[in-house]
Structure formats: C-alpha cells, structure tokens
Amino acid sequence: MTYTLLPFRAYHLEEMQDLDPGLIIDAWLQPATLREMENHSSYTLLHNLLPVGCAGIMQLWHGRYVGWAFFTSDAGPHMLAATRKARQFLAKTTARRIEITVDARFAQGLKWARALGFREETPLLRAYSPEGRDHVGFVRLAEWLP
C-alpha cells in the first residue's frame, strides 16, 4: 500500500467525510483550533492520495503538549501504517509530557493509545467532552522512554 505523510491542513478533515460523529469533539473543529493544529506538529496520512487520518500535538507550554487524532471510520486496514508513523514521530519529539483523552466507549482508541506508549493517568473523566461524554486520560512522559 502506498502512504504519504503531509503537514496537516484543516481541509484534510473536510475530505474525511466518514468521521464518526459520535467520537468527534466539536470544539476541536472550531476555526481557531484548526489554525493552531496547522501551526504545530500535526500531520495527515494519505493512502492513494486520500486522507485516512490526521494527528498531532500542540504545545500548551514548554514541555507540555496535548495530542489529538481523527481517523476515517474505515481506517482499520491503515492503522498499522498509522501506528508506525506515529511511533516514529513520538520517538523524535522532545516533548516532556504529552496528554491525550479518549472517549471511554471507544475501545479501538483506548487500545491505540496504549500501543503508542501512553499510560492511563485518569481512569474516568466524567462528562469530560463538551457533549458530556466520559473520557479516559492518558499521558506519555519522556522519562519513561529508553
């Protein structure tokens, strides 16, 4: 399979028409947030020139970052490539702390967070999303890395 990694642009999300609306936090899709996502370490994974996933990290302050990712609902066959690219990126980052949250109902997302080396820090963030859904908080600390 042919994969390409490009710097993230907001229009990539528009091209990913089959995002699961039950897993999207609308606040991430606001124009100001999207501009911030474009200005930080954020990438889009293309398969045969079509975006299958977007992910990145945004700096909150020196050493502390928040991570994010969106994938198409049919990204399953591409997750091995996405995982490899994400692990390569994470191996190079100098971020001391990267925080992510995953919808507590999203089993594949919880599994992927662990596969990328994130550890559960907060088992239940009740009514965490703007829509009131529960999340699980994960963190990846540089001190855990070899």
Next on the checklist: Conditions first: (1) over 22 Å from Asp18 (Cβ atoms); (2) buried (at least 16 other Cβ atoms within 10 Å of the Cβ). Lys92 passes all but one, so which condition is the exception?
Outcome noted: (2)
Next on the checklist: Can you tell me which condition Ala113 does not meet? The list is (1) within 19 Å of Leu5 (Cβ to Cβ); (2) assigned to a helix (DSSP H, G or I); (3) in contact with a strand residue (DSSP E or B) (Cβ under 7 Å, 6 or more places away or on another chain), and all the others hold.
Outcome noted: (1)
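Please state which one of Leu46, Leu124, Leu80 is open to solvent by 40 Å² or more (accessible area, probe 1.4 Å) and either touching a Gly at 6+ places or on another chain (Cβ under 6 Å) or part of a strand (DSSP E or B) (or both). Step through it out loud before you land on a result.
Details: Leu46 fails: open to solvent by 40 Å² or more (accessible area, probe 1.4 Å); Leu80 fails: either touching a Gly at 6+ places or on another chain (Cβ under 6 Å) or part of a strand (DSSP E or B) (or both).
Checking each option against the conditions leaves just Leu124.
Hey, among the residues in region 56-77 that are hydroxyl-bearing (Ser, Thr, Tyr) and not in a strand (DSSP E or B), which one's surrounded by the fewest Cβ atoms within 10 Å (Cβ to Cβ)? Steps first, answer last, please.
Let us first name the residues in region 56-77 that are hydroxyl-bearing (Ser, Thr, Tyr), namely 65, 72-73.
Those left that are additionally not in a strand (DSSP E or B): 72-73.
Working: Thr72: 19, Ser73: 12.
Filtering region 56-77 for residues that are hydroxyl-bearing (Ser, Thr, Tyr) and not in a strand (DSSP E or B), the one surrounded by the fewest Cβ atoms within 10 Å (Cβ to Cβ) comes out as Ser73.
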Checklist entry - In region 3-42, what residues are out of contact with any helix residue (DSSP H, G or I) (no Cβ under 7 Å at 6 or more places or on another chain), open to solvent by 60 Å² or more (accessible area, probe 1.4 Å) and at pLDDT 90 or above? => result Leu6, Pro7
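The values are calculated or read from the model by the stated rules, or taken from the named source; none is laboratory data. What you see is a predicted model; the values in this text were computed from it and never measured. Neighbour counts are summed over all protein chains in view; Cβ atoms, including those assigned to glycine, are modelled from backbone coordinates with ideal geometry. What goes into the accessible areas is simple: the full protein's heavy atoms, side chains included, and nothing from ligands, DNA or RNA. Shrake-Rupley method; radii C 1.70, N 1.55, O 1.52, S 1.80 Å.
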